[in-house]
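Student: Quick one: structure below, then a few questions.
Read-outs throughout are calculated quantities, based only on the coordinates presented, and are distinct from any laboratory measurement. All values reported here derive from a predicted model rather than from experimental measurement. With ideal geometry, Cβ positions are generated from the backbone for all residues, glycine too; neighbour counts draw on all protein chains shown.
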Amino acid sequence: MAERNISVMIVDDQRLLREGLQTILGAEEGLEIACLCENGLEACEQARLRKPDVVLMDIKMPVLDGIEAMKRIKRERPAAVVLMLTTFAEDRFIVEAMAGGADGFLLKDMPSKTIAQTIRDAVGGGVMLPAPIASRLATRLSALSRGGTVAFDETKLKQQSYAFTERERRIILLLIEGYTNRQIATALFMGDGTVRNYVSVIYNKLGTSNRQEAATMLRGLLLDDAH
């Protein structure tokens with residue numbers, strides 16, 4: 001029996017881009033277009049009705065922005081794959097979208113075949129980060145772990161006898177943002193198993209095995225301007 005087609009919902013406030021993606025992806029074998037939406041609120045409504053497998057979600061839109069719409073859709077349908085559409089790689093959007101549950105990013109100027117294959121890979125369980133976005137995220141994490149706007153309070157670390165390696169600090173910065181182990185692995189170009197091992201080491205150092213409790217403790221080791 002033939003496999004069911006992957007249904008895709010396209011959300012963007014630019015009609016030309018919506019219809020362009022519809023034409024490109026509609027011609028791809030194994031993909032079908034569920035519907036087109038022009039803002040985040042419409043996307044939430046249609047996601048309930050259509051139940052698409054994949055949502056391609058623009059970030060900046062009127063009525064309701066893409067990140068908030070993505071969060072609402074993921075709360076209602078955690079299994080839905082949501083890929084954020086963007087023409088740029090702004091750090092704050094990367095972190096906020098990934099922490100909110102996004103399954104990855106698509107650059108609007110990607111070749112059509114790459115977009116189609118990325119959708120298939122995401123449905124297969126991958127977290128999709130194009131090289132320019134992954135590079136920007138890695139750079140930001142490196143800066144943060146060296147003492148950027150969100151940094152570890154070295155005095156607190158010494159007082160409580162905690163010591164974290166550079167790699168552990170990068171993982172911690174994503175962990176407290178709400179990233180899953182798989183998202184951390186993708187962002188830092190590491191294997192899932194390697195991330196699990198690092199997280200276990202971090203838990204052991206903190207004396208807990210609860211992720212939420214660990215995140216709370218780790219936030220307390222950051223400077224007051226952490227967010």
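Student: Compute the angle between helix 112-123 and the longest alpha-carbon principal axis of the chain, please, reported from 0 to 90 degrees and rounded to the nearest 10.
Tutor: 60
Student: Okay, moving on. Does the range 6-128 come out rounded, prolate or oblate by the C-alpha gyration tensor, with a ≥ b ≥ c the root eigenvalues, rounded set by a/c under 1.5 and, if not, prolate when a/b is larger than b/c and oblate if not?
Tutor: Cα axes put the range 6-128 in the rounded bin.
Student: State, to one decimal in nm, how far the label point of THR155 lies from the label point of ALA27, with both points 7 Å from Cα in the Cβ direction.
Tutor: A separation of 6.3 nm, rounded to one decimal place.
Student: Just check the range 168-227 against the gyration tensor rule for me: Cα atoms, a ≥ b ≥ c as the square roots of the eigenvalues, rounded for a/c under 1.5, and otherwise prolate or oblate depending on whether a/b exceeds b/c. Write out the running numbers ahead of the final one.
Tutor: Working: a/c = 2.11, a/b = 1.33, b/c = 1.59.
Here the range 168-227 falls in the oblate category.
Student: Which value in deg cm²/dmol, rounded to the nearest 500, describes the helix-derived mean residue ellipticity at 222 nm for the chain, given -39,500 (n - 2.57) per DSSP H run of n ≥ 4 and division by the residue count?
Tutor: So the helix-based figure for the chain works out to -15500 deg cm²/dmol.
Student: Additional query: Would you mind finding the longest exposed-site-free stretch of the chain, with exposed GluC sites (Glu not before Pro) meaning DSSP loop and at most 15 other Cβ atoms within 10 Å? Kindly include the intermediate steps, with their values, before the conclusion.
Tutor: Numbers: sites that count: GLU3, GLU29, GLU90.
Between exposed loop sites, the widest span is 91-227.
Student: Could you point to the label whose value was computed as Cα Rg over 2.2 N^0.38 Å for the structure here, given [x] 1.10; [y] 1.33; [z] 0.96?
Tutor: [x]
Student: I would also like to ask the following. Note the angle between two axes, namely the Cα long axis of helix 40-50 and the longest principal axis of the Cα atoms of the chain, as a number of degrees from 0 to 90, rounded to the nearest 10.
Tutor: The two axes meet at around 70 degrees.
Student: In nm, give the distance between the simple-model label positions of PHE189 and LYS113, each being 7 Å from the Cα along the Cα-to-Cβ direction.
Tutor: In this crude label model, PHE189 to LYS113 measures out at 2.5 nm.
Student: How much length, in nm to one decimal, is gained on full extension between ARG50 and VAL63, taken as 0.36 nm per residue of separation minus their Cα-Cα distance?
Tutor: So the extension gain works out to 2.6 nm.
Student: How far is helix 192-206 tilted, in degrees, relative to the longest principal axis of the Cα atoms in the chain, given as a value from 0 to 90 rounded to the nearest 10?
Tutor: 40
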